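Structure, as structure tokens:
The values are calculated or read from the model by the stated rules, or taken from the named source; none is laboratory data. Bear in mind the structure is a predicted one, so any value in this text is a computation, not a measurement. Glycine also receives a Cβ, built like all others from the backbone with ideal geometry; neighbour counts cover every protein chain displayed. When the accessible area is computed, the model is the full protein with side chains, heavy atoms only, and any ligands, DNA or RNA have been set aside. Shrake-Rupley method; radii C 1.70, N 1.55, O 1.52, S 1.80 Å.
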Amino acid sequence: PGIWISDPSFMTTALASSAITYLDGEGGVLRYRGYPIEQLAERSSYLEVAYLLVHGELPDAAQLQTWTDEIRMHTYLHDNFRKRFLDGFHYDAHPMGMLVSGMAALSTFYPEAKDVTDPAVRRRQIIRMIAKVPTLAAACHRYSVGMPFVYPDNSLSFTENFLSMMWKVAEPRYEPDPVLARALDVLFILHADHEQNCGTLAMRTVGSAHADPYIAASAAAAALSGPLHGGANEQVLRMLASIGHVDNVPAFIADVKAGKGKLMGFGHRVYKNYDPRAKIVKQTADAVFEVTGRNPLLDIALKLEEVALSDEYFISRKLYPNVDFYSGLIYQAMGFPTEMFTVLFAIPRVAGWVTHWQELLEQDAKIYRPRQLYVGRESRDYVPLEQRS
Ligand code: CMC
């Protein structure tokens, strides 16, 4: 027996001391390693941000080149993934389910990853994971639409290469639109880390048992797939499509207030103010729509935001748009199918997951093992089947 502090759903628990990401939910502030998200989104690139997260400092030019080369070196997947592993899925398998399984399967290709105590081994897996997950993600999409897989083109940037693996249909190469590639890179920066969210907690929990990082990241991706977490971006698009017209917005909001479903893409455990990522996503949408044409669902989203932000129900509960509210509109305008939206969240979040995993092991954290308040039956004697009524 002991005295346990009960905090269901970790409403008031600080899980760890962490030097990675700073989040002030009341002020709407987000910083990676001290750098404001707004500056990183405007001036950095996803790969540079991944370096920053993993190493704690921005790279100099030589370090960035080496890092980029290291990632490029590992973009290929073992060919059995293409020929055998993915081929086993049903034709309409959800790409997020394929990604979760594929990330766990990567573990079997790199048995050295089990030695989680060796920093050099850890670093190799960090690079492999950041490099290979986009290839796996694109392969999941190509499989689900019956298209041949596209090998990585390492002459392209990280994000352009992902777009090439998604969309390339003809030789010699895919020519990405620079505005769209930059917009996706910005979205990747915004999604790279978010301190102790549900997926990162899963990564840390499984990692604390010294399971290898592929298995741990697969658990994190599984958590991310949930509609209350990263899966919300997919649900937002389905919600906007089902509302169908701006005139239906007031009735939809009335239903939400009556408890008939949630306004997806709104609310956050930590942000009690406008999610700073959502602000940047909204600005990014304008640049994307210049190229792709305006997504007609944008008007419904803007109306939902306008109505919700002036409604007492949402004001009193401090419910604001979160990162998922506008991102799906961009993904859709860029041609991504709705099923890929959460996969697009997972690709950049890998940098955050592996950084938290590394920090946990560097801190020599003990295995995560909370207690509970037992509320079940007292001790009682087993009753043989024939004596039970
Ligand atoms: N629509 C309507 N009501 C809401 C919403 C919403 N989206 N979010 C919260 N509420 C209400 C909730 O019903 C509760 O009301 P009451 O006090 O009357 O019971 C109150 O606001 C507090 O909400 P909560 O569920 O206790 O808050 P939480 O911190 O446990 O949940 C959340 C946070 C993000 C899970 C929740 O806001 C939600 O389900 N939002 C919709 C899903 C979503 O957009 N998720 C993406 C989050 S950001 C990206 C990420 O995490 O990956």
Quiz item: At a 1.4 Å probe, what is the % contribution of carbon and sulfur to the accessible area of the chain?
Solution: 54 percent
Self-check item: Spin-label pair TYR274/GLU175, simplified geometry with 7 Å Cα→Cβ offset, distance in nm
Solution: 3.8 nm
Practice problem: May I ask you to compute the full-extension gain from ALA62 to THR12, defined as 0.36 nm times their residue separation minus their alpha-carbon distance, rounded to one decimal in nm? | Solution: 13.8 nm
Practice problem: Excluding residues fewer than 8 places away in the same chain, name every one of the lysines whose C-alpha is closer than 24 Å to that of LYS114. | Solution: LYS132, LYS366
Practice problem: Within the set of other residues whose C-beta is less than 13 Å from the C-beta of PRO36, count the net charge using Lys and Arg as +1 and Asp and Glu as -1. | Solution: +2
Quiz item: In whole Å, what is the distance between the alpha-carbon centres of region 297-320 and region 157-211?
Solution: 29 Å
Quiz item: How much area per residue is accessible in the chain when the probe is 1.4 Å and only protein heavy atoms are counted (Å²)?
Solution: 48 Å²
Self-check item: Inter-label distance for VAL291 and GLU306, nm, one decimal - labels placed 7 Å from Cα along Cα-to-Cβ
Solution: 2.8 nm
Self-check item: Cα gyration tensor shape of region 261-373, rounded if a/c is under 1.5, else prolate or oblate by comparing a/b with b/c
Solution: oblate
Practice problem: With r as the distance between the Cβ atoms of ILE5 and LYS257 and R0 = 35 Å, compute the FRET efficiency 1/(1 + (r/R0)^6) and round to 0.05. | Solution: 0.55
Quiz item: So what is the calculated 222 nm ellipticity per residue for the chain, using -39500 (n - 2.57) for each DSSP H run with n of 4 or more, over all residues, to the nearest 500 deg cm²/dmol?
Solution: -16500 deg cm²/dmol
Quiz item: Which of the aspartates and glutamates could a cross-linker bridge to LYS282, judged by Cα under 15 Å and excluding same-chain residues fewer than eight apart?
Solution: GLU38, GLU42, ASP185, GLU290, ASP299, GLU305, GLU306, ASP324
Exercise. Assuming a ≥ b ≥ c are the square roots of the Cα gyration tensor eigenvalues, decide whether the chain counts as rounded (a/c under 1.5), prolate (otherwise, with a/b larger than b/c) or oblate.
Key: rounded
Self-check item: Sum of side-chain charges, ARG142 neighbourhood, beta-carbon under 11 Å (Lys, Arg +1; Asp, Glu -1)
Solution: +2
Quiz item: Ratio of Rg to Rh for region 214-256, alpha carbon only, Kirkwood?
Solution: 1.23
Exercise. Would you mind getting me the FRET efficiency between ILE315 and LEU228? Use the beta-carbon distance for r and R0 = 30 Å, nearest 0.05.
Key: 0.90
Exercise. Rounded, prolate or oblate: pick one for region 154-295, where a ≥ b ≥ c are the square roots of the eigenvalues of its C-alpha gyration tensor, a/c under 1.5 means rounded, and failing that, prolate if a/b is larger than b/c, else oblate.
Key: oblate
Quiz item: Of LEU77, LEU309, LEU180, which is the most mobile in a GNM of the chain whose springs link Cα atoms less than 10 angstrom apart?
Solution: LEU309
Quiz item: Which of GLU305, GLU290, GLU339 moves most in a GNM of the chain, Cα contacts under 10 Å?
Solution: GLU290
Quiz prompt | Computed lengthening from ALA120 to ARG43, 0.36 nm per intervening residue step minus Cα-Cα distance | solution = 24.7 nm
